[in-house]
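> Dropping a structure here in structure tokens format, bear with me for questions.
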Amino acid sequence: MGKFQVISHPLIQHKLSILRRKNTSTKDFRELVNEIAMLMGYEVLRDLPLEDVEIETPITTTVQKQLAGKKLAIVPILRAGIGMVDGLLSLVPAAKVGHIGMYRNEETLQPVEYLVKLPEDIDHRHIFVVDPMLATGGSAVMAIETLKKRGASNIKFVALVAAPEGVKVLQEAHPDIDIYTAALDERLDEKGYIVPGLGDAGDRLFGTK
């Protein structure tokens, strides 16, 4: 079974509390999503492989560590996942960015895929799928299936807020995937929204209804 981790750093929890407030402005919401994603990145990227490299300091020659050659890709689930990309890119600016577009059928609550745009060598990359909300789990499951069909195998899923139901669905569908979140909330409501949650992350990020 893949790792499931709630990243409970005090700064993340503080910013997440502001993010949840219904009167937080679009500007502040967008900035907070970016900041939380960056702070989560330190833990999410903890397992990146290192290699020895010989360098010359002003004093001497020495062997030190640098990131190994394995390439990275950040894949947001549209729309809301876009808000987390820059935070991670600030830590790994050379990473490629793919996109998987989905919307939720409001009657069935099931995801409908409408766009897949990925780096050609996606099967050779460490992949971080990002979406602020892990609610029913349907979008996450479908996005990871899409990546696996294209040969990807080293995949992690990163959310800001997760519901127990969504975590269970994702773990059962893809038991090999590590899941990171800043909060594990109480439950889903009858409309499939996370409680207490933070509302519709896409609408709040972009100021839409």
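> Per residue of the chain, what 222 nm ellipticity follows from adding -39500 (n - 2.57) for every DSSP H run with n ≥ 4, rounded to the nearest 500?
-9500 deg cm²/dmol
> A further question follows. Near the amide H of Ile74, under 5 Å away, which other amide H atoms are found, from residues 5 or more places off or on another chain, if H is placed in the peptide plane?
Under 5 Å from the amide H of Ile74: Lys96, Val97, Gly98, Phe128.
> Please report how far the C-alpha centroid of segment 8-23 lies from that of segment 127-181, rounded to the nearest whole angstrom.
Going from one Cα centre to the other spans 22 Å.
> Could you work out the equivalent-ellipsoid semi-axes for segment 55-209, taking the square root of 5 times each eigenvalue of the Cα gyration tensor, largest first, in whole Å?
The three semi-axes for segment 55-209 are 32, 17, 15 Å.
> Count of lysine pairs in segment 130-209 with Cα atoms under 21 Å apart, counting only pairs 8 or more residues apart in sequence or on different chains?
So the count of such lysine pairs works out to 5.
> At q = 0.25 Å⁻¹, what is the log10 ratio I(q)/I(0) for segment 1-85, with the Debye formula run over Cα points and no solvent?
For the requested q values the scattering log ratios are -1.27.
> Restricting to bridges with both residues inside the chain, how much of the DSSP beta-bridge set is antiparallel, in percent to the nearest 5?
Looking only at bridges with both residues in the chain, the antiparallel portion is about 40 percent.
> Still on this model: Which value, in Å² rounded to 10, gives the accessible area of Lys71 with a 1.4 Å probe and all protein chains present?
100 Å²
> From the phi angles alone, apply the Karplus equation (6.51, -1.76, 1.60; θ = phi - 60°) to segment 195-203 and give each ³J(HN,Hα) in whole Hz, x where the residue is Gly or Pro.
Coupling constants for segment 195-203: 10, x, x, 8, x, 7, 4, x, 4 Hz.
> Right, something else. Around Asp47, under 10 Å between beta carbons, what's the net of Lys plus Arg minus Asp minus Glu among the other residues?
So the environment of Asp47 carries a net charge of +1.
> Which whole-Hz ³J(HN,Hα) couplings does segment 76-84 yield from phi under the Karplus relation 6.51 cos²θ - 1.76 cosθ + 1.60, θ = phi - 60°, glycine and proline marked x?
Along segment 76-84, the couplings run x, 8, 6, 8, 5, x, 4, x, 9 Hz.
> How charged is the neighbourhood of Leu72? Take every other residue with its Cβ under 9 Å from the Cβ of Leu72, and add Lys/Arg as +1 and Asp/Glu as -1.
Local charge sum for Leu72: +4.
The values are calculated or read from the model by the stated rules, or taken from the named source; none is laboratory data. The shown structure was predicted, so the numbers you read here are calculated from the model rather than taken from an experiment. A quick note on method: Cβ atoms are made from the backbone with ideal geometry, for glycine too, and the neighbour counts reach across all protein chains shown. The accessibility values were calculated without ligands, DNA or RNA, using every heavy atom of the protein model including side chains. Shrake-Rupley method; radii C 1.70, N 1.55, O 1.52, S 1.80 Å.
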